[in-house]
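Any read-out appearing in this document is the output of simple, stated calculations on the displayed coordinates, not a laboratory observation. Since this is a predicted model, take the numbers as computed values, not measurements. Using ideal geometry, Cβ is built from the backbone for each residue, glycine included, and neighbour counts are taken over all protein chains shown.
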Amino acid sequence: MMNLTLIDAFGRFGAKPDSRLGSLSAMAADGAMVLNCLPAHFGHPTRGVLRYETRLSTAQAESKVVTALGVHLTRAREESLPVRMVVTYAEREKTSKARGYHVRPDLVGKVVEFDGDHFVVDFTRPPAARPALAAGRRK
């Protein structure tokens, strides 16, 4: 697991966070939403799905950062945009408050629920590229 800065992590998806210390989301150049996730909010509702579920009202961030997340979630839901994952984690040393970030380029999310506060994003692995000739359909 690489220890990236927030700017580097968002940059891996072509996005730039508004705040270098505490952005929760951004829009990437390709139109995808980039979501900064905390490990405590992940769950596995079904096989092959990694769910991220939380509320805007519980976010510990500046109000403008939370407002931007709400705008990004609304846009991603309404336009069916892909969601890319950055994960924030605390350093293992108990005396350190430093954070690290890593990315999950292997997962792509979709906003499946957002009511203005509570939101759910389901992440899955995209299907592998299929070979030109499927088994049993050879010419």
Original post:
Considering only strands (runs of 3 or more DSSP E) fully contained in region 1-79, which possess at least 1 residues that are loosely packed, with under 14 Cβ neighbours inside 10 Å?
Top reply: 50-55
Subject >> Yes/no for residue 86 being part of a strand (DSSP E or B), within 18 Å of residue 121 (Cβ to Cβ) and not basic (Lys, Arg) >> reply: yes
Subject >> Filtered residues of region 114-130 (kept if free of Cβ contacts under 8 Å to residues at least 60 places away in the same chain and outside any loop (DSSP other than H, G, I, E, B)) >> reply: 114
